[in-house]
Amino acid sequence: MDFTFTEEQQAAAEAARAVFSGVEPDAVPSPALVPGAVAEDIDRPLWAGLAAGDLLSLTLSPEHGGAGLDLIALCLVLRESAKVLARVPLLETCAVAMTLQRYGDQELAAELLPGVGRGELVLTVGANGRTGHDPAELAVTARPADDGREADGDAGDGSEAVWVLDGVQSAVPWAQAADWIAVPAHTGHGRAVLALIRRGHDGVTIAEQVSTSGELFGEVRLDAVRIARRELIDAAGAWEWLHALLTTGTCALALGLGEAVLAMTSQYTGKREQFGFPVATFQSVAVQTADRYIDLRAMEVTLWQAAWRIATGGSGTLPPAGDVAVAKIWASDGVRRVVQTAQHLHGGFGADTDYPLHRFHAWAKQIELSLGPAAAHEEALGDLLAAHSLD
């Protein structure tokens, strides 16, 4: 493997830093001070800026108006977004778009993806299932319609199958702001499929939920929702690939957030004095921050290993899912340790709602638990190790 970034990947990171440079983490009310969501919508000006900087089309193929870059480039951009707590569904939109491009109906991809790249369409995905503890695809059922009726979007000549979906996906990020929602489902025959559903589709209701970070999420309920055949992705491995993209992207968010928090802590302890000396010069403080630096470097190397396996199809003793699990274990545990140490070293100042550290702590907890905490991925890694010989 070679973790040296290409010129194109480095350019994407530089463009992201430029776009995110004007974003303030405290631009919305503190989640500690409002009873509900901190805002009713995503950061639309930032979303437009990402589109203008060609960052929403980064991983789209040239035929859809994109740069044709890979998951590694996307993770570099996500890393920068987390440093400012960017309130945009960048990961969800790009991951769903990449999956549609790779596995979905090509006519539908040609209709939707150029609009995604221009910032005209927002995509999200329900990846938490009903409770967040069981596989997301088990929360929704998908079955062929048996009454012969056509669904919205069909050609109208009866040539396309119509699928009917029932179930619930909870904690769908920014569901109210999305134009299309990707929903994993099962057919009852041990097969996972992925449905693309318009937010205003008949039978779709969205109840408000609030994330740990104070963002407006949604419980998406599907009641006999009928979709056209082309809106269902049933290619083998499509949902698993999307889930791997989301998990790896979440690791990139954890890394960026952790790096920002450690930088805040370094600046604070370098200025805060006790007994006439900066607290950063105290051995106990130096040891704690050094340990968190080691956490971040472990988070980084496991992230790039997972992204490299997915982006290149590189071989390994275990399937790429093993590298993704290792990356998420480090991301979940590491980001938690980083923010906890930061709170400790900031003292009471870290809990001041006029200071942004508490916001990073809330986002870190959201990231830690998203798509499963470390324990869930340790269990998944154990299953992979049991199923694959390491000889």
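In segment 91-109, what residues are surrounded by fewer than 24 Cβ atoms within 10 Å (Cβ to Cβ) and either in contact with a helix residue (DSSP H, G or I) (Cβ under 7 Å, 6 or more places away or on another chain) or touching a residue at least 40 places away in the same chain (Cβ under 8 Å) (or both)? Listed by number, the residues that qualify are 98, 101, 102, 103, 105, 107, 108, 109. Scoring residue 277 on the criteria (1) open to solvent by 30 Å² or more (accessible area, probe 1.4 Å); (2) modelled with pLDDT of 95 or more; (3) farther than 30 Å from residue 141 by Cα leaves a single failure, condition (2). Pairs are defined by a Cβ separation below 9 Å, a sequence spacing of at least 6 or placement on different chains, a first member in segment 133-145 that is under 17 Å from residue 225 (Cβ atoms), and a second member that is aliphatic (A, V, I, L, M) and open to solvent by 40 Å² or more (accessible area, probe 1.4 Å); the pairs so defined are 144/161; 145/161. When segment 341-364 is filtered for residues that are farther than 17 Å from residue 33 by Cβ, open to solvent by less than 20 Å² (accessible area, probe 1.4 Å) and among the small types (Gly, Ala, Ser), the ones remaining, listed by number, are 342, 364. Scanning segment 180-218 for residues that are in a loop (DSSP other than H, G, I, E, B) and touching a Phe, Trp or Tyr at 6+ places or on another chain (Cβ under 6 Å) yields 211, 213. Of the residues in segment 283-295, not one is open to solvent by less than 20 Å² (accessible area, probe 1.4 Å) and not in a helix (DSSP H, G or I).
Restricting attention to segment 367-380 and to residues that are in a helix (DSSP H, G or I) and buried (at least 20 other Cβ atoms within 10 Å of the Cβ), the residue that is nearest to the chain's Cα centre (by Cα) turns out to be 367. For segment 204-221, a tally of residues being farther than 14 Å from residue 168 by Cβ, touching a Gly at 6+ places or on another chain (Cβ under 7 Å) and open to solvent by less than 70 Å² (accessible area, probe 1.4 Å) returns 0. The set of residues in segment 179-203 that are open to solvent by 60 Å² or more (accessible area, probe 1.4 Å) and within 22 Å of the chain's Cα centre (by Cα) comprises 198, 199.
Could you say whether any residue in segment 327-349 is touching a residue at least 40 places away in the same chain (Cβ under 8 Å), closer than 24 Å to residue 280 by Cα and among the hydroxyl-bearing types (Ser, Thr, Tyr)? Yes, segment 327-349 contains a residue that is touching a residue at least 40 places away in the same chain (Cβ under 8 Å), closer than 24 Å to residue 280 by Cα and among the hydroxyl-bearing types (Ser, Thr, Tyr). Restricting the first member to segment 110-121 and to residues that are surrounded by fewer than 23 Cβ atoms within 10 Å (Cβ to Cβ), and the second to residues that are of a type in the set (Asp, Glu), the beta-carbon pairs closer than 7 Å and six or more apart or on different chains are 121/179. Those helices (runs of 4 or more DSSP H) of segment 1-84 in which at least 3 residues are more than 17 Å from the chain's Cα centre (by Cα) and not polar (S, T, N, Q), considering only elements entirely within it, cover 7-20, 44-52. Every condition in (1) within 24 Å of residue 171 (Cβ to Cβ); (2) touching a residue at least 60 places away in the same chain (Cβ under 8 Å) holds for residue 35 except the one numbered (2).
The values are calculated or read from the model by the stated rules, or taken from the named source; none is laboratory data. Nothing here was measured: the structure is a model prediction, and the numbers come from that model. Cβ sites come from the backbone with ideal geometry, for glycine too, and all protein chains shown count toward neighbours. Areas reflect the complete protein model, heavy atoms only, side chains present, ligands, DNA and RNA absent. Shrake-Rupley method; radii C 1.70, N 1.55, O 1.52, S 1.80 Å.
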